[in-house]
1. So which of Val62, Val10, Val85 is exposed (fewer than 13 other Cβ atoms within 10 Å of the Cβ) and at pLDDT 65 or above?
2. Can you pull out the residues in region 72-95 that are over 13 Å from Lys36 (Cβ atoms) and among the basic types (Lys, Arg)?
Amino acid sequence: MMKTNYLKVVTPLIAIILAVSGSYTAHTSERKGMAKVACYLSPIGGTRCSLSFICSNIVNPVVCTATYQGVTYQLFRKASPNDTVCDIVCYRNID
């Protein structure tokens, strides 16, 4: 009799714990695909990189922007760390 009551209480608890831990694991594995990268402000008409900000290289509908001295600029990243030109679109980090 005691064993039956114990199983009736413990079995749902174990199921809940497994469901919560599985959900957490799935959510964190999705976030691993998000890569934070250094993106740079390029003045209008220029392609030189200046003022670094952190954005994402995961494509999404929202491009990364930053406001500097009252002007909002779209941010771009370098193809390689040694480049001086920033021409690759950066995206906002979506949590």
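The values are calculated or read from the model by the stated rules, or taken from the named source; none is laboratory data. It should be emphasised that the depicted structure is a prediction, and the values quoted were computed from it without experimental measurement. Note that we place each Cβ from the backbone using ideal geometry, even for glycine, and neighbour counts take in every protein chain shown.
1. Exactly one residue qualifies, and that residue is Val62.
2. Lys78
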